[in-house]
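Participant: The structure's right below; bear with me while I get my questions together.
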Amino acid sequence: MSGLRSFGGEFRKAQKVSLVGRSRGEETRAEVLERTRRERERRRRERQEQSAATAIQAAWRGWIERQHRQAEVRAAWQARYGAEAERASSMDLAPASGFLRQLCFFAKPAAAGDLRLLAVACRLVLTSQQAQLAPAAGEAPQPPQLLFCAQAAGGGEQAATAIWQAQRLHPGIEAALAGAGLLGNLLDGAAAALKADEAQQLAAVRQPALQFAALACSLLALLPQQPFFPSSDGDGGPQVGSTGGSRWADDDEDEEVQAAVRTVAAAAAPTAAKLPWDAEQLPSASLVAQLQLVADSRLLRSLVRAVLPQADAGSGGALQGPALVQRAADVRRLCGLLQQLMALPGQRQRLLVVLAFSAELVQRLWFSYLRPAQASPVEGWVPSADAACDPGWMLPLTLFSLAYSSFIMTAGDDELYTAQRPLPLEQLHSPDRPGGGVLALLKMALWHALWAEAPPAPGGWSPEAAALRSQLKEAAGKLMGQLHDRNCRRAFAPAEAFQADALPAERFQSEVQAATAAGRGLDEEGAGRAWGLLAHAPYLVPFRERAKLFQAVVAQERTRYRDMDLMQSFAAEMGAGGGNRFFPVRRTQVLQDAYDQLNGLGEGLHGRIRIQFIDAHGLEEAGVDGGGIFKEFVETVVREGFNPEAGLFKATTDNRLYPNPHAQLVAANALRLIEFLGRMLGKAMYEGILVELPLAPFFLKKFRGAYCDINDLPTLDPELYRNLVFLKRYTGDVAELGLTFTITDNVLGVAREVELAPRGHDTPVTADNRLAYIHRVADYRLNRQIREPAAAFLRGLHDLIKPEWVRMFNEEELQMLISGGQQGLDIADMRAHVQYSGGYHEEHPVILEFWRALATFSPQEQADFLRFVTSCPRPPLLGFRYLEPPLAIQLAGSMLDEQATERLPTAATCMNVLKLPPYRTAQQIREKLLYAIQSGAGFELS
C-alpha cells in the first residue's frame, strides 16, 4: 500500500525531491508564461480561422449573388435595348435611363460580344455630343462621360478593338473624331482623378492610373499625331518665359533618335493601322486642347506618383517576391505610355524636363523599382512578351537614363554634389555595396547590350528589338559619360567603378585593329562590338587601353600613307615625277610660310613632310630633316599660332587656350589660319609628337562632338559662373536686379550688347524665366560666340585625326594625348627605352652616374629636365617606348679632354637628344644639368 499517497484513494507516484531545494514537478515562472502564451496563440488562431472562413463564405456568396444579378441585369438590358443594342438611341443616354450604368455593371471586356456593346455605346455618346466637341468661344468643354471605358476596356488590344468597332459602325471622318473624343474625355477625366498627393490616396488611384496608361498608350498608337501634335519650329531653344523644356535637356535629339523612339513605342502598342484622317481636315482648337492633355505636366506627375510611390530610401519597405513582380508589370505599362508620349512630334525634349524635375521620375523609378529589382533580379526583371524582346530592364533603364541626363544638363553640378539631387551620391556608388548602385546597373546594361548579347540567328533582331537596344546604348552611354566627366572633376567613385569587370584586353585590341584594317570606322555598320563599345561606352575600357588603341590605329593609318609615299618615290626615280620634296620655311615667317606651303596639301599631309629652314640671311640651314627638324617646325608653328598675342586664340584666367571669337577682326584670313592650326595639331598627334599646348577643357570637349552646357562655364569664365549660380539661388525679387535677356560682349575693347532671345532688350529676367536666362548666357559664351572659329579648327583637326578616334576620350584624357601624361617621370621606363651614341652605352660609368643624379631630382626638376631635352615637360602617355624621335643621350666631347667637364650639357630638342659631357660624379652631373636647365641656355640645333 506504499503506492497510495492521498487520503482520497488516488494512486500517484511519490515525488522525487531535488537536492537543490525544490521538487521537479513544480513549473518555473518562465514555463508558466510560455504555456500561457501558447494557449493564447492557439485561441487567436482559432478566432482568425473562424473569421477567415466567415469572410470567404461571404465573398463567395457575394460573388454568386453578383453573377446572378449581372445575368438578370443583362437579360433585362438586352430585352429593352436588343442583344446588339440595336434598339438603343441617343435618347437612352439620359441619366435616369440606366443605359450606361447597367452596361458598365455587367459588361466583361474579355468577351467579344460585350466589347461590341461598349463600342456601340461609345458611338452613341459621341454622336450625341458632336456639337459639344467644338464649343463656342469662351465656353468650357463639357464634362467627361466616357471615363467608364478606361475601366471597362482596360487598354491594350481590347481598347484598340473597341475603337475600331466604333469606326466600323460609324465610318468616315466621324470615326477619327470618335476615337479622338474618346481619348480627350479619358484624359480630362483622368487628370481630375489623379490628383492624389497623400500616401493613402496614392494606393487608391494606382489601378485607375494603370488602366488609363494602358488605354492612352493604345489610343495614341491609333490616332494620327500630326494634326494634334505639330512639330515645334524655331531653333529649339527654351521659351523665354519658361523654366523648362530647353534644348539643353537633350541637345542630341535628331530624326534618327526620334525614329528609334517611335519604333520602340510601337512594340507595345496595337498592331492595327491608324484611324483614317483627312489631311486637309483641321481639328478644332477644343479637340486639340483635349488631346494635348496627354502631355500635361500635372497629369504626368500624378501618373508617376501613383505607379512609383517611393521617392527616397526611407519611404516604404523592401520590395520583393510577388509584389516586385507586380511592380515590374506596372512599370512596364507606365514606361510604354511615356515612350509613346516621347514619340509625339515636338514633345520629347519638354517631356524629358517634366519627367526629370516635376514628376521626379529618376528618384521614383530608382527607389520604387530599379534598386529593388537590381537586388532581386529573378523577380524584378520580367521579360516582355512583345517584339522588343526586352529582358525586363531595358525600357525602364532607358527612360531613367534620359531623365537623369536631362537633369544633369539642366540643373548643374551644384545640384549633384551639394543638394545631391536627383539621387544621393551613395546611390551612384557605395563601397559597402560594390555590386549595387546606378553605376553598377549602367555597367551591367551597357556590357550586356554592347558586348555579351548576340543577335538571334538567323535574321538578327526585329526592328523593335534593334531600336530598343539602340536607344538604350545611346541613353545609358550618355549618362555614363556625364557621370564619368563629373567624377573626373570631383570624384565620388573610384575609376574602377566605371570600368568593365572582365574586359578581355587582348581580344578587345585585336577586334578593334581587325575592324580598322578592314577599313571600317567607328560609326560604320559592321564595325564590330569593340568599336561599338568605344562608340557608346568608352569608359568601360580603362584609359590606358584606349590610349594604346589610339596609338595603334593611328600607326596603322600612318603606315598605309608611308607605303603610298614609297610608291610615289619609286615612281619619281623611274621618271614619273612626284616623290618626296622639301618645303622651304623662313625662320622669320614660320607660321605664314607653313600656311602657304602646307595648307593646300590635302591628303598629302598624311605622308612624310620634310622641312628646309631658311635663316635670316636667306640661306638654307645645314642638316637633313630625318624627323627632328619637322618636330621643331611643328613646335614652332604651335608656339606662334596659339600665342594669344597673335590674336587667333585667347587665354582663360588659368592660361588655357581657346579660339578667339573675334579673330576675324584681327586677321582677314583668321578662320583659314585657325583651320590650318587644327591640321597642324592633328599632324602632331598623328606623328606622335608631344606639344606643350594647354587647351581649355570646354574647347577640348568639342573635339569629341559634345555639347557644352552650364557645367562647363567655370573652365571659361569662373566669375561669370559664380554670378549665375548666385542668380539661380537668389531668394529676393529677381526683377529688381534689372537684368534683361542680353549679354555684354567685349569686341576689341568696345562693349556691345547682344540679345540672347528675340526682343531680349525688352524681356526682363524674373524668377520664372531665370533658368532660361542662365542657360542662354552659358550657351552664348560656350557655343554660339565661338561657333565659327571652333568649327574651322575642328575641320582641320579631323582632316588627320578622325572624329571617332577622339570621341572615346574626355577633356583631361585628350590633353594627355596632346601633351603627355601627368604621372611624373618614370626613370625605369626612360632607362629601358633610351638610346646611346658617341661612345656611351648602358654600362658606361658616366651613364650610371647620370641615372643616379636624375633620381635625386624633385618632380618639378624632372619636368624641367624633360622640357630641356624634348621641349615638353610631360612624359609620353604610354611610356618612352612611344616617344618620337626616340630619346637619346650622346657623348659631348672626349673622355680624354679634361676641359670637357667644364662645359654645360646641351640638347637638340628636335631630335630628343641630350648631349652630355663626360662628367666624373653624380653630384657634378646634377649641378651642371640643373644650371643648364634653370638658366634656359644650352639649346641648339643639330
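The values are calculated or read from the model by the stated rules, or taken from the named source; none is laboratory data. Since we're looking at a predicted model, the values are computed, not measured. Please note: Cβ atoms are built from the backbone with ideal geometry, for glycine as well, and neighbour counts cover all protein chains shown. Accessible surface is based on the protein model in full, side chains and every heavy atom, while ligands, DNA and RNA are left aside. Shrake-Rupley method; radii C 1.70, N 1.55, O 1.52, S 1.80 Å.
Participant: For the stretch 308-501, report the accessible area per residue in Å² (1.4 Å probe, heavy atoms, rounded to an integer). Don't jump to the answer; show the numbers that get you there.
Facilitator: Working: 6690 Å² over 194 residues.
Ligands and nucleic acids excluded, the figure is 34 Å² per residue.
Participant: Now a separate question. If contacts are Cα pairs under 8 angstrom and at least 6 residues apart, what is the relative contact order of the stretch 718-783 in percent?
Facilitator: Values: 62 pairs, mean separation 21.1, N = 66.
Once divided by the residue count of the stretch 718-783, the mean separation gives 32 percent.
Participant: Per-residue HN-Hα couplings for the stretch 481-496, Karplus 6.51 cos²θ - 1.76 cosθ + 1.60 at θ = phi - 60°, whole Hz, x for Gly and Pro?
Facilitator: x, 4, 5, 5, 4, 6, 5, 5, 6, 8, 5, 10, 8, x, 4, 5
Participant: Let me ask another. I'd like the Karplus ³J(HN,Hα) series for the stretch 892-902: coefficients 6.51, -1.76, 1.60, θ = phi - 60°, whole numbers in Hz, and an x wherever there's a Gly or Pro.
Facilitator: Each residue of the stretch 892-902 in turn: 10, x, 10, 5, 8, 8, 5, 7, 4, 6, 7 Hz.
Participant: Highest mean first, how do 57-66, 359-368, 920-929 rank when packing is the count of other Cβ atoms within 10 Å averaged over residues? Walk me through the intermediate numbers first.
Facilitator: Details: 57-66: 10.3, 359-368: 24.8, 920-929: 17.2.
Descending packing order for the listed peptides: 359-368, 920-929, 57-66.
Participant: Moving to a separate point now. Run through every distinct alpha carbon pair of the stretch 827-935 and return the Kirkwood hydrodynamic radius in angstroms, one decimal place. Don't jump to the answer; show the numbers that get you there.
Facilitator: Numbers: mean 1/r = 0.0722 Å⁻¹.
For the stretch 827-935, inverting the mean 1/r across all distinct Cα pairs yields 13.9 Å.
Participant: Also: Report, by chain and number, residues whose modeled amide H sits under 5 Å from the one on Thr740, excluding near sequence neighbours (fewer than 5 apart, same chain).
Facilitator: Val765
Participant: Taking the Kirkwood radius as the inverse of the mean 1/r across Cα pairs, report the Rg/Rh of the stretch 308-501.
Facilitator: Numbers: Rg = 16.1 Å, Rh = 17.1 Å.
With Rh from the inverse mean 1/r over Cα pairs, Rg/Rh is 0.94.
Participant: Which entries of Lys650/Lys701; Lys548/Lys702; Lys548/Lys701; Lys650/Lys683; Lys478/Lys701; Lys631/Lys702 have Cα-Cα distances beyond 24 Å here?
Facilitator: Result: Lys631/Lys702 exceed 24 Å.
Participant: Mind giving me the FRET efficiency for His761 and Ala495? R0 is 56 Å, r the Cβ-Cβ distance, nearest 0.05 is fine. Walk me through the numbers on the way to the answer.
Facilitator: Working: r = 48 Å, r/R0 = 0.85.
Once the sixth-power term is evaluated, E becomes 0.70.
Participant: Would you mind telling me the share, in percent, of accessible area of the stretch 308-501 contributed by carbon and sulfur at probe 1.4 angstrom?
Facilitator: Details: 3720 of 6690 Å².
Ligands and nucleic acids excluded, carbon and sulfur reach 56 percent.
Participant: Across the stretch 641-657, in residue order, what do the Karplus-derived ³J(HN,Hα) couplings come to in whole Hz, using 6.51 cos²θ - 1.76 cosθ + 1.60 with θ = phi - 60° and x for Gly and Pro?
Facilitator: Values per residue, Gly and Pro as x: x, 8, 5, x, 5, 6, x, 7, 10, 10, 10, 6, 5, 9, 6, 9, 9 Hz.
Participant: Now, a different point. List every residue whose amide H lies under 5 Å from the amide H of Thr909, counting only residues 5 or more places away in sequence or on a different chain, with H placed 1.01 Å from N in the peptide plane.
Facilitator: Long-range HN contacts for Thr909: Glu940.
Participant: Over the stretch 308-501, what is the relative contact order in percent, taking alpha-carbon pairs closer than 8 angstrom and at least six residues apart? Don't skip to the end; give the middle numbers.
Facilitator: Values: 204 pairs, mean separation 43.7, N = 194.
Contact order relative to length: 23 percent.
Participant: How much length is gained on full extension from Ala900 to Asp563, taking 0.36 nm per residue of separation minus their Cα-Cα distance?
Facilitator: Taking 0.36 nm per residue and subtracting the Cα distance, the gain is 116.9 nm.
Participant: At 7 Å along Cα-to-Cβ for each site, give me the label-to-label distance between Asp745 and Ala668 in nm.
Facilitator: Between Asp745 and Ala668, the simple spin-label model gives 2.3 nm.
Participant: Next up: Using the beta-carbon distance between His68 and Ser510 and R0 = 45 Å, what value does 1/(1 + (r/R0)^6) give for FRET efficiency, to the nearest 0.05?
Facilitator: On the way: r = 74 Å, r/R0 = 1.65.
The calculated FRET efficiency here is 0.05.
Participant: Roughly speaking, what is the stretch gain from Ala502 to Ser51, that is 0.36 nm per residue apart minus the C-alpha to C-alpha distance, in nm to one decimal? Could you put the intermediate results ahead of the total?
Facilitator: Details: separation 451, 0.36 × 451 = 162.36 nm, distance 5.70 nm.
Stretched out fully, the Ala502 to Ser51 stretch lengthens by 156.7 nm.
Participant: Roll a 1.4 Å probe over the protein heavy atoms and report the accessible area of Arg42 in Å², nearest 10.
Facilitator: Spelled out: Arg42, probe radius 1.4 Å, area about 90 Å².
Participant: Follow-up question, since we're still on this one. How high is the FRET efficiency from Glu426 to Asp826, r the C-beta distance, R0 25 Å, rounded to 0.05? Numbers along the way, then the final one.
Facilitator: Details: r = 36 Å, r/R0 = 1.43.
Using R0 = 25 Å, I get an efficiency of 0.10.
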